[in-house]
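So the structure is just underneath, and the comments pick up after that.
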Amino acid sequence: MSAVRYMAGIWAARHFWLHLALSDLRSRWRRSFFGLLWSVLQPLGMTLLLSMVFSRLFHTDIVSYAPYILSGIVVWEFMVGVTSGGALSFVQADAYIRQCRHPLAIYSLRTVLSGLLVLMTASLALFAWSATVLPQHIGWPWLAALSIFPLLLLMAWPLATLLAYIGVRFRDVPHAMGLLMQVLWFVSPVYFDVKTFRAGGLDALIDYNPVYHLLQLLRAPLLAGQWPTAENYLFCLATAVLLALLACLVGRRAERNVIFYL
């Protein structure tokens, strides 16, 4: 099947996967008093705790450091959810795959979309907090922060699809990804300041790390009042293209065999 026909099949099933993504959100907070608001309260609570600890450890101003940590938390939780949930996308959609002949990538898209909606809700707290404690940085560059959402979709969807093809065959993938994400957390400026890495001579962990460039799409506008660099965008786009190519190559070989591994 050609890529154009495959994407056309995904578009034709748009009402189905949109329903699944929204259904996942309803199930996630069913009978919860705060519901979707938990996607804001949880990162805020974690940010307050970590900010008090890290501000003392690194002798930084908690007011300016808290939005830095919050930006890392909301994006990192999305990434962890995409990798762990993406690897199980086909397994959890077992009943649908057996009954419907939709392109399988809609089930990883479902995972990414539900996570993206949670991220967008949680990001409201980041925008509000940044506007409150760093009002001097409010300006046109803030518009660039919105570009992180389509770029995350372009990066996360092929990654989740790739992991789903592998995860349906090897059920250890979600556990392995949990370990890999812990390693990636330690070598990425999620909570730790970029200056800490550069001071230790670890420039390569910053300059060639997709996580850093992705976070800069939020941090540069909101925390510094600056536009993200062309390098930030090029690195994110290159990562998205690479992941898409890998997902297409694996999917072309594995799509028809998925049903036998469920």
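The values are calculated or read from the model by the stated rules, or taken from the named source; none is laboratory data. Values in this document were obtained by computation on a predicted structure and should not be read as measured data. Cβ sites come from the backbone with ideal geometry, for glycine too, and all protein chains shown count toward neighbours. Surface areas here come from the heavy atoms of the whole protein model, side chains and all, with no ligands, DNA or RNA. Shrake-Rupley method; radii C 1.70, N 1.55, O 1.52, S 1.80 Å.
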How many residues does the stretch 12-59 hold that are among the small types (Gly, Ala, Ser), modelled with pLDDT under 70 and either open to solvent by 50 Å² or more (accessible area, probe 1.4 Å) or under 17 Å from Thr121 (Cα atoms) (or both)? 3
Quick count over the stretch 86-102, residues being under 18 Å from Ala156 (Cα atoms) and crowded, with 22+ Cβ neighbours inside 10 Å, is 4
Across the stretch 204-246, the tally of residues that are over 23 Å from Leu143 (Cβ atoms), outside any loop (DSSP other than H, G, I, E, B) and either modelled with pLDDT under 90 or over 17 Å from the mean Cα position of the chain (by Cα) (or both) stands at 6
Across the stretch 124-155, what is the number of residues that are out of contact with any Phe, Trp or Tyr (no Cβ under 9 Å at 6 or more places or on another chain), open to solvent by less than 30 Å² (accessible area, probe 1.4 Å) and part of a helix (DSSP H, G or I)? 5
Please identify the pairs in which a residue from the stretch 155-173 that is at negative phi and in contact (Cβ under 8 Å) with a residue 12 or more places away in the chain has its Cβ atom under 8 Å from the Cβ atom of a residue that is among the acidic types (Asp, Glu) and assigned to a helix (DSSP H, G or I), counting only partners at least 6 apart or on another chain. Tyr165/Glu255
Output the residues belonging to the stretch 156-188 that are more than 21 Å from Arg253 (Cα to Cα), open to solvent by 30 Å² or more (accessible area, probe 1.4 Å) and not in a helix (DSSP H, G or I). Val187
How many residues does the stretch 96-113 contain that are modelled with pLDDT of 90 or more and farther than 16 Å from Tyr165 by Cα? 1
Could you please give the count of residues in the stretch 222-262 that are under 30 Å from Tyr65 (Cα atoms) and either of a type in the set (A, V, I, L, M, F, W, C) or open to solvent by 60 Å² or more (accessible area, probe 1.4 Å) (or both)? 15
Kindly indicate whether Ile106 is over 19 Å from Asp193 (Cα atoms), open to solvent by less than 10 Å² (accessible area, probe 1.4 Å) and among the β-branched types (Val, Ile, Thr). yes
Does the stretch 217-231 hold any residues that are closer than 19 Å to Val63 by Cα and among the small types (Gly, Ala, Ser), and which are they? Ala220, Ala224, Gly225
Every listed condition ((1) in contact with an Asp or Glu (Cβ under 9 Å, 6 or more places away or on another chain); (2) surrounded by 15 or more Cβ atoms within 10 Å (Cβ to Cβ); (3) more than 20 Å from Ser64 (Cα to Cα); (4) free of Cβ contacts under 8 Å to residues at least 60 places away in the same chain) holds for Asp207 save (2)
Starting from the stretch 66-94, keep only residues that are closer than 17 Å to Asp24 by Cβ and β-branched (Val, Ile, Thr), then list their pairs with residues that are at pLDDT below 90 and open to solvent by less than 10 Å² (accessible area, probe 1.4 Å) whose Cβ atoms are within a distance under 7 Å, requiring at least 6 positions of separation or different chains. Val91/Gly167; Val91/Val168
